[in-house]
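What follows is one structure encoded as structure tokens, with my remarks underneath.
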Amino acid sequence: MEYEELQELTEKTLELLTAKNFREIKALINDLQPQDSALLLEELNEKDILPVFRLLSKENAAETFVEMSYDSQELLLNTFSDAELKAVFDEMFLDDTVDIIEEMPANVVKRIIKQSDAETRNMINEILKYPKDSAGTIMTVEYVSLRKNMTVQECFNRIRQVAVDKETIYNCYVTDDKRKLIGTVTVKDLLLHEYETPISEFMETDVISVEATDDKEFAAQQISKYDLSALPVVDSENRMVGIVTVDDVLDVMEQEATEDISIMAAVTPSTDTYMEQSVWQIWKNRIPWLLILMISATFTGLIINKFEGNLNALSPLLFACIPMLMDTGGNAGSQASVTVIRGLALDEIRPRDALKVLWKELRVSAMLAACLAVVCFGKLYLLDGLAFGYDYTWYICLAVSLSLFATVVLAKTVGCLMPLLAKACRLDPAVVASPFITTIVDALSLIIFCLISMAILPPFLAAA
């Protein structure tokens, strides 16, 4: 739904509320998709959310509730009667219930658990035992299980019997008497075989699965890699415990991408949206990184202080080239690191590919550095020197250009290797992205510049 359309819908709803035309509001919101209904409710005042929410049908109410922000969910939960709370959660899939429980205060959680039946409570507690960010925390236990000795007709009967409570019925999982996963069949497979055919004759036995303790990002990668609509989750003994569906994976991928972007921008990740975060939260997320980067950047100042006298004696114009060298080096390093980090996230690159990546980046960096060095030489000598009258002699331009060449090659090398090193050490590669690489490259580029200038310029200055 577009923003303008949402605003018009909100205004119309408020007008109907003022006129107490609840019948038209009910027809209006029940025609919307749950995601759009949630957006509409988010736009209303706190006092208007509950009356409008109560006009949703039983099924739409549960689906809409899942799509709302945690703040709005908590607001509704605190105003629900026990009967309303039970009605909403009875219509939810278990994985959505667990997601909500994990974010709610203890008093709200107690009410949700209290209104759940014994079987649901046991399943919720089982999922909550899994490690944070594991596949077990995002799976649903609502899947269709079959036996290999069943015929197609028996499978259809089984699906019709349990389908109403399952999150997906297209993929069905074949298990033995001990719940061990032995195969999969799809509804398409069933439709293409005769009713009397046992599914053991055509079920897929080479099953892609993950363990409940595996990282949820790994589960997302498996679904993406093998183009699955659902992924079975097993325990350490290959017993079926649940499935991860595509909608859960999309949420994981969005969270991981947001987290990586935040870390690469030197901000502590947050599960809240920008508008939901308080000024205090934003300050807490940003200040640690800024302090670390500020302190690490003081090494750049120490290097300048150390070589200041030497550079000043050679030519004061050298100082004017420092920002260009540092910025170009930082940008070159960021290009390499972001490319490698993305490759690692998509499982296109692995730590064992370090030498291949390094060899490729060295060739790319040499080509880029040569191009930049030539342009830098021409810019300093022709534009700054001849056009604007700055005293950039050809040998000063040569020293700066050679420094730029070395800086770009070094920056690309650091930028491609640091994420791979972090991954090999089981760290998040995004942690060593742009801010840290830029700080390291800044210090190294200054050292290179000073050493090259001190090696090249003295003979020419003496001759002059």
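The values are calculated or read from the model by the stated rules, or taken from the named source; none is laboratory data. Remember, predicted model here, so these are calculated numbers, not experimental data. Here the Cβ is made from the backbone with ideal geometry for all residues, glycine too, and neighbour counts use every protein chain on show. For accessibility, only protein heavy atoms count, side chains too; no ligands or nucleic acids. Shrake-Rupley method; radii C 1.70, N 1.55, O 1.52, S 1.80 Å.
Taking the stretch 8-32 as the range and being without any contact (Cβ under 8 Å) to a residue 12 or more places away in the chain and of a type outside the set (A, V, I, L, M) as the test, the residues that pass are Glu8, Glu11, Glu15, Thr18, Lys20, Asn21, Arg23, Glu24, Asp31. Inside the stretch 189-215, residues that are open to solvent by 100 Å² or more (accessible area, probe 1.4 Å) and touching a residue at least 24 places away in the same chain (Cβ under 8 Å) make up a count of 3.
Sub-7 Å Cβ pairs linking a first residue in the stretch 222-251 that is within 10 Å of Glu211 (Cα to Cα) to a second residue that is modelled with pLDDT under 90 and surrounded by fewer than 14 Cβ atoms within 10 Å (Cβ to Cβ), at least 6 apart or interchain, are Arg239/Lys178, ordered by first then second residue.
From the set of residues in the stretch 328-353 that are farther than 22 Å from Lys225 by Cα and open to solvent by 30 Å² or more (accessible area, probe 1.4 Å), which is nearest to the chain's Cα centre (by Cα)? This residue is Gln335. Which members of the stretch 365-403 meet the condition of being in contact with a Gly (Cβ under 8 Å, 6 or more places away or on another chain) and part of a helix (DSSP H, G or I)? Residue satisfying the conditions is Cys397 alone. Among the conditions (1) β-branched (Val, Ile, Thr); (2) modelled with pLDDT of 85 or more; (3) out of contact with any Pro (no Cβ under 7 Å at 6 or more places or on another chain), Val340 misses just one, which is (3). Scanning the stretch 228-255 for residues that are within 19 Å of the chain's Cα centre (by Cα) and open to solvent by 20 Å² or more (accessible area, probe 1.4 Å) yields a total of 7.
Here the helices (runs of 4 or more DSSP H) wholly within the stretch 1-99 that include at least 3 residues being over 24 Å from Asp117 (Cβ atoms) are 3-18, 22-30, 34-43, 46-53, 70-79.
Being buried (at least 24 other Cβ atoms within 10 Å of the Cβ) and of a type outside the set (Ser, Thr, Tyr): is that true of Val408 here? Yes, satisfied. When the stretch 182-222 is filtered for residues that are in a loop (DSSP other than H, G, I, E, B), more than 13 Å from Pro232 (Cα to Cα) and of a type in the set (A, V, I, L, M), the ones remaining, listed by number, are Leu192, Met203. Checked against the criteria, Leu427 counts as under 25 Å from Pro351 (Cβ atoms) and in a loop (DSSP other than H, G, I, E, B).
As a summary of the residue check, Thr184 satisfies the conditions (1) among the β-branched types (Val, Ile, Thr); (2) touching a Leu at 6+ places or on another chain (Cβ under 9 Å); (3) buried (at least 16 other Cβ atoms within 10 Å of the Cβ) except for the one numbered (2).
Note on the stretch 39-54: among residues that are crowded, with 18+ Cβ neighbours inside 10 Å and under 17 Å from Thr79 (Cα atoms), the one that is farthest from the chain's Cα centre (by Cα) is Val52. Taking first residues from the stretch 123-136 that are in contact (Cβ under 8 Å) with a residue 60 or more places away in the chain and partners that are assigned to a helix (DSSP H, G or I) and among the charged types (D, E, K, R), the Cβ contacts under 7 Å between residues at least 6 apart in sequence or on separate chains come to Asp133/Lys216; Ser134/Lys216; Ala135/Lys216. On the basis of being under 15 Å from Ala406 (Cβ atoms), open to solvent by less than 10 Å² (accessible area, probe 1.4 Å), among the hydrophobic types (A, V, I, L, M, F, W, C) and over 19 Å from the mean Cα position of the chain (by Cα), does Leu325 make the cut? So Leu325 passes the test. In the stretch 137-153 there is at least one residue matching the filter, namely being touching a residue at least 60 places away in the same chain (Cβ under 8 Å), open to solvent by less than 70 Å² (accessible area, probe 1.4 Å), farther than 19 Å from Asp251 by Cβ and not in a helix (DSSP H, G or I). Listed by first and then second residue, the pairs linking a residue in the stretch 102-119 that is over 23 Å from Gly136 (Cβ atoms) to a residue that is acidic (Asp, Glu) and open to solvent by less than 90 Å² (accessible area, probe 1.4 Å), with Cβ atoms under 7 Å apart and 6 or more places separating them unless they lie on different chains, are Gln115/Asp82. Of Gly378, Gly309, all but one fail to be within 21 Å of Ala462 (Cβ to Cβ) and not polar (S, T, N, Q); the exception is Gly309. Only a single criterion out of (1) touching a helix residue (DSSP H, G or I) at 6+ places or on another chain (Cβ under 7 Å); (2) surrounded by 15 or more Cβ atoms within 10 Å (Cβ to Cβ) is not satisfied by Leu128, namely (2). In this entry, Gln73 is excluded by the filter for residues that are open to solvent by 80 Å² or more (accessible area, probe 1.4 Å), within 27 Å of the chain's Cα centre (by Cα) and at pLDDT 85 or above. Considered as a group, the residues in the stretch 154-170 that are in contact (Cβ under 8 Å) with a residue 24 or more places away in the chain and in a helix (DSSP H, G or I) include one that is farthest from His193 (Cα to Cα), and that residue is Ile159. All conditions in (1) at pLDDT 90 or above; (2) in a loop (DSSP other than H, G, I, E, B); (3) closer than 22 Å to Leu128 by Cβ hold for Asp272, with the sole exception of (1).
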